[in-house]
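Just below is one structure, and these are the notes that go with it.
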Amino acid sequence: MIEFQDASMGYGGGKLFSDVSLDLKPGSFHFLTGPSGAGKTTFLKLCYLELVPTDGRVAIFGQDSRKMSRDDVAVARRRIGVVHQDCRFLDHLPMSENILLPLTVAGRDTAPEMGNLEELLAWVGLSAQADALPPELSGGERQRAALARAVIMAPDVIVADEPTGNVDWDMSLRLLSLLVELNKMGKSVVVATHDMNLIRQAKAQTQTRVLRIRDRTVQQAEVDL
Amino acid sequence: MSLQTIIMGDPRADRVVPPTGFTANLTVFAAAAMAFLAVFAMALSFASGRLADRWESELAQSSTIRISAPADQMVAQTEAALRVLDQTPGVASARVLSEAEQQALLTPWFGPDLPVANLPIPQLIEVIEEGAGYDAEGLRLRLQGEVPGAVLDDHTRWRKPLVAAAERLRTLGVFSIALIAATTGVIITLAAGAALAANAQIIDALRLIGARDVYIARAFVRRFTLRTLIGAAAGTAFAMAAIAVLPPAGGEGGFLTGLGFRGVEWFWPLVVPPLAAFVSFWATRTAALRRLKQVT
């Protein structure tokens with residue numbers, strides 16, 4: 001699904017990580033850990049095509065990311081739901097329209113999806129906030145709304161960058177349970193986090209792999225590390 | 001991105017870009033002002049063209065013989081000149097201007113009470129040409145030999161610079177229209193660039209959720225094209241109204257009173273709003289796609 005083959009990523013002459021080879025298979029659940037500045041966000045950007053590797057190859061759904069046209073990238077991103085740390089909503093649109101936005105930009109009719117939207121809002125616990133503007137929501141509500149937007153297109157992969165970074169522990173557990181639920185529905189999940197407690201909680205609920213960026217490479221790690 | 005898409009639009013796609021009232025008003029105003037200037041430049045160009053054509057046709061087919069002779073020889077020399085003209089191929093007719101006609105020609109300079117008969121004023125003969133006209137050099141030499149007081153003025157020295165000036169004025173009018181179109185493009189490009197920069201985060205977010213470049217560009221292109229069309233239509237209507245109420249060109253109407261449109265020329269300003277909209281479409285689309293290339 002997302003395959004790294006000797007992929008390296010460099011900035012300004014130095015390398016964040018090099019010679020990364022791994023395969024994020026369908027239905028897998030990966031955590032990505034590492035100290036701040038290690039390159040977790042960069043790794044995720046390679047996954048959702050915001051960056052291409054400086055060396056090596058990253059293949060998304062079988063396509064080499066370097067060889068994809070801008071339209072190919074747009075179409076591939078419709079199969080990847082991304083939850084950004086800063087959510088990236090359109091602040092002038094109500095939450096319901098923000099969540100439906102991936103359908104809108106894909107040219108799909110949103111009218112038949114209204115039932116799904118209501119279910120989705122109930123699933124993330126935001127039914128009462130459907131008409132609220134993004135700045136009116138709390139950090140946790142925004143993260144849950146971002147998750148709802150990420151899954152509205154029924155993507156194959158969910159990529160989340162520090163989704164619990166700005167929320168309390170209870171909200172972190174609630175977000176985690178939503179991600180685990182998605183994984184059990186067959187979606188691949190990649191979550192960048194430095195919260196080891198969150199990883200332990202996830203391991204108790206589903207089968208996960210932990211990837212750690214260290215010494216300029218990405219290693220499979222045990223949760224106790 | 002078809003014209004139909006631009007006109008019909010997609011209300012949901014339009015909503016992804018937040019409304020920008022101030023920029024919108026500036027764009028409409030700039031388009032209106034440019035259309036107003038373009039219509040005036042068009043009127044100037046048409047008026048210059050008409051003037052050039054009139055001078056060309058009126059002066060090209062006529063010439064004048066001026067006879068300056070002592071009073072006792074004036075009639076004889078005039079008759080001699082008429083005989084020469086009668087025998088000259090290419091001359092359709094020759095007519096001696098009456099005293100009243102000569103007085104009318106001098107009135108603008110000396111007033112209506114000028115006693116022409118008491119002044120040593122040359123006698124003028126109006127010569128009308130036919131076909132390819134006469135051999136001016138040959139006629140000049142023959143008059144020199146047979147009518148010593150006659151001077152042939154075939155208007156060439158007047159006509160050429162006047163026609164050239166009018167033609168140049170027409171060219172300047174056309175050039176002004178092109179310049180106005182280019183300036184409109186620049187203004188719209190700057191306004192679109194500002195709007196794109198102001199909405200950079202929205203563009204980033206849209207790309208990341210799978211929007212294609214053409215989808216994002218369309219939201220901006222449609223908005224700027226419609227604003228320009230509305231502004232240019234208003235500017236054109238205002239300019240046409242202003243030109244319509246200009247004083248009509250009378251018998252002595254000079255260039256200024258002839259400024260405007262005649263007959264089917266009135267349809268030409270209607271080209272300005274769609275032309276402005278096309279310039280806006282092209283400028284915004286280019287700016288948007290260039291900006292989008294900087295976004296991954």
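Points to keep in mind about this one:
- Of the candidates B:Ala178, B:Ala198, B:Ala182, B:Ala211, the single residue that is of a type outside the set (Asp, Glu) and modelled with pLDDT under 90 is B:Ala198.
- Unique residue being closer than 21 Å to A:Ala74 by Cβ and not polar (S, T, N, Q) when the list is A:Ala130, A:Ala150, A:Ala145: A:Ala150
- Qualifying residue in segment B:196-204 (condition: in contact (Cβ under 8 Å) with a residue 40 or more places away in the chain and within 19 Å of the chain's Cα centre (by Cα)): no
- Test: residue in segment A:181-193 that is open to solvent by less than 10 Å² (accessible area, probe 1.4 Å) and among the hydroxyl-bearing types (Ser, Thr, Tyr): yes
- Any hit, segment B:186-194, residues being within 30 Å of B:Ala52 (Cβ to Cβ) and out of contact with any Pro (no Cβ under 7 Å at 6 or more places or on another chain): no
- Some residue of segment B:62-75 being open to solvent by less than 50 Å² (accessible area, probe 1.4 Å), under 35 Å from the mean Cα position of the chain (by Cα) and under 30 Å from B:Gly173 (Cα atoms): yes
- Restricting attention to segment B:130-182, the residues that are open to solvent by less than 60 Å² (accessible area, probe 1.4 Å) and of a type in the set (Phe, Trp, Tyr) add up to 1.
- Restricting attention to segment A:120-165, the residues being open to solvent by 30 Å² or more (accessible area, probe 1.4 Å) and part of a helix (DSSP H, G or I) number 10.
- Any chance A:Met196 is open to solvent by less than 60 Å² (accessible area, probe 1.4 Å), modelled with pLDDT of 85 or more and of a type outside the set (Phe, Trp, Tyr): yes
- If you go through segment A:98-119 and keep only what is without any contact (Cβ under 8 Å) to a residue 24 or more places away in the chain, open to solvent by 60 Å² or more (accessible area, probe 1.4 Å) and either in contact with a Cys (Cβ under 9 Å, 6 or more places away or on another chain) or in a helix (DSSP H, G or I) (or both), you end up with A:Ala111, A:Pro112, A:Met114, A:Glu118, A:Glu119.
- Qualifying positions in segment A:28-84 - more than 14 Å from every other protein chain (Cβ to nearest Cβ) and either part of a helix (DSSP H, G or I) or acidic (Asp, Glu) (or both): A:Lys40, A:Phe43, A:Asp55, A:Asp64, A:Lys67
- The condition of being closer than 30 Å to A:Gly13 by Cα and open to solvent by 10 Å² or more (accessible area, probe 1.4 Å) does not hold for A:Asp170.
- Candidates A:Thr54, A:Thr33, filtered to the one that is modelled with pLDDT of 90 or more, among the hydroxyl-bearing types (Ser, Thr, Tyr) and over 26 Å from A:Glu141 (Cα atoms): A:Thr54
- Among (1) assigned to a helix (DSSP H, G or I); (2) under 27 Å from B:Pro70 (Cβ atoms); (3) modelled with pLDDT of 80 or more; (4) open to solvent by 60 Å² or more (accessible area, probe 1.4 Å), the one test that B:Ala117 misses: (3)
- Filter pass, B:Phe22 being in the same structural domain as B:Ile203 (by TED's automatic domain parsing), within 29 Å of B:Thr171 (Cβ to Cβ) and open to solvent by 40 Å² or more (accessible area, probe 1.4 Å): no
- Test: residue in segment B:125-139 that is within 21 Å of B:Ser68 (Cβ to Cβ) and more than 38 Å from the chain's Cα centre (by Cα): no
- Taking residues in segment A:36-63 that are in contact (Cβ under 8 Å) with a residue 60 or more places away in the chain and open to solvent by 50 Å² or more (accessible area, probe 1.4 Å), and partners anywhere that are not in a loop (DSSP other than H, G, I, E, B) and not small (Gly, Ala, Ser), the pairs with Cβ atoms closer than 7 Å and at least 6 places apart or on different chains are A:Thr41/A:Asp161.
- The set of residues from segment A:1-43 being touching a helix residue (DSSP H, G or I) at 6+ places or on another chain (Cβ under 9 Å) and within 18 Å of A:Asp195 (Cβ to Cβ) comprises A:Phe29, A:Phe31, A:Leu32, A:Thr33, A:Gly34.
The values are calculated or read from the model by the stated rules, or taken from the named source; none is laboratory data. Quick caveat, the model's predicted, so the values are computed rather than measured. Counting neighbours? That spans all protein chains shown, and the Cβs are built from the backbone with ideal geometry, glycine included. Calculation scope for accessible area: heavy atoms of the full protein, side chains included, ligands and nucleic acids excluded. Shrake-Rupley method; radii C 1.70, N 1.55, O 1.52, S 1.80 Å.
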